[in-house]
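Heads up, the thing below is written out as structure tokens.
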Ligand SMILES: Nc1ncnc2c1ncn2[C@@H]1O[C@H](COP(=O)(O)OP(=O)(O)O)[C@@H](O)[C@H]1O
Ligand SMILES: [Mg+2]
């Protein structure tokens, strides 16, 4: 199993209950899209799977371990096998693209190599290959603050491709991209997961992209699972109910100028 979530709840420090009694299981190699209106708990859910947040209640097993019951070194190893693509990648603005991508393997390398990689590119071919897959071939030595939002998102995706973790998590990874680049990027994530039998969980704002690419769709509403179904069984009615708070308007991938 890639992960097992049992009666998981999460409450933010200010008392907001972002997730309530969520239970689900994912097998290794599954590709799952998490959809739902803004504020429904998608980011919180991914951060819990990433072990960036600790559950308030319930149990969580990720890649065979309970992250909150293992030693620090075991947790460090576990985290090196989990990759999270943030919606807005937290990349230091002066950093070069290659350094940002190399950072994907910091958790897997010995300390000396990690430190060296911040000063000098310890690998050029690997990051270049990841960028090639995302139509960013010529940006390897560019500074990240010279990139558009959509390009920066693809650098975040390139980093996780380079990390090649067992569990890939992506939080609205294509929200700043046009439909063509969105499809290209999601396809690379799906193909990469399939080639390594890794598990992919992506939250998506755009329902059309979720249904087109992902065999399993989880709808979250107000912190609870509204449905968990094969994409072929997700009906218009279910989607309208899911997005009732947004007047039943289903968000699709809007053309963005980048
Ligand atoms: N750091 C935080 N502190 C307090 N409340 C938060 C925080 N982050 C998110 N929330 C609240 O938790 C709920 C779920 O948020 P989030 O997981 O970001 O949803 P989504 O990603 O689906 O938009 C929302 O009500 C949101 O306002
Ligand atoms: Mg979010």
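Fewest neighbouring Cβ atoms within 10 Å first, the residues 5, 125, 201 line up as 125, 5, 201. Based on Cα contacts under 8 Å between residues 6+ apart, region 126-237 shows a relative contact order of 20 percent. From most to least packed by mean Cβ count within 10 Å, the peptides 98-104, 242-248, 127-133, 9-15 give 98-104, 127-133, 242-248, 9-15.
Quick one: grab the alpha carbon gyration tensor of region 85-163, order the square roots of its eigenvalues as a ≥ b ≥ c, and give me rounded if a/c is under 1.5, else prolate or oblate depending on whether a/b is larger than b/c. Since a/c reaches 1.5 and a/b is larger than b/c, the shape of region 85-163 is classed as prolate.
Give me 38, 56, 117 sorted ascending by neighbouring Cβ count inside 10 Å, so fewest comes first.
Going from sparsest to densest Cβ surroundings: 38, 56, 117.
Here the extension length gained between residue 132 and residue 240 equals 35.1 nm, from 0.36 nm per residue of separation less the Cα-Cα distance. Peptide packing: for 219-228, 171-180, 63-72, the average count of neighbouring Cβ atoms within 10 Å per residue gives the ranking 171-180, 219-228, 63-72, highest mean first.
Which whole-number percent gives the relative contact order of the chain, counting Cα pairs below 8 Å spaced six or more residues apart?
26 percent
Among 27, 42, 113, sorting on how many other beta-carbon atoms sit within 10 Å of each Cβ, with the fewest leading, yields 27, 113, 42. Over the chain, dividing the summed -39,500 (n - 2.57) contributions of all DSSP H runs of at least 4 residues by the number of residues returns a 222 nm mean residue ellipticity of -10000 deg cm²/dmol. The simple spin-label model puts a point 7 Å past each Cα toward its Cβ; for residue 146 and residue 38 those points are separated by 3.3 nm.
Counting pairwise Cα distances across region 25-129, what percent come out greater than 15 angstrom? Counting pairs separated by more than 15 Å, the tail of P(r) holds 72 percent. Hey, could you get me the Stokes-Einstein D for the chain, Kirkwood radius over alpha-carbon pairs, 25 °C and 0.890 mPa s, rounded to whole µm² s⁻¹? D = 131 µm²/s.
Where a number appears in this text, it was derived from the coordinates with a stated rule and is not lab data. This one's a predicted model, so the numbers in the text were calculated from it and none came from an experiment. Backbone-built Cβ (ideal geometry, glycine too); neighbour counts: all protein chains shown.
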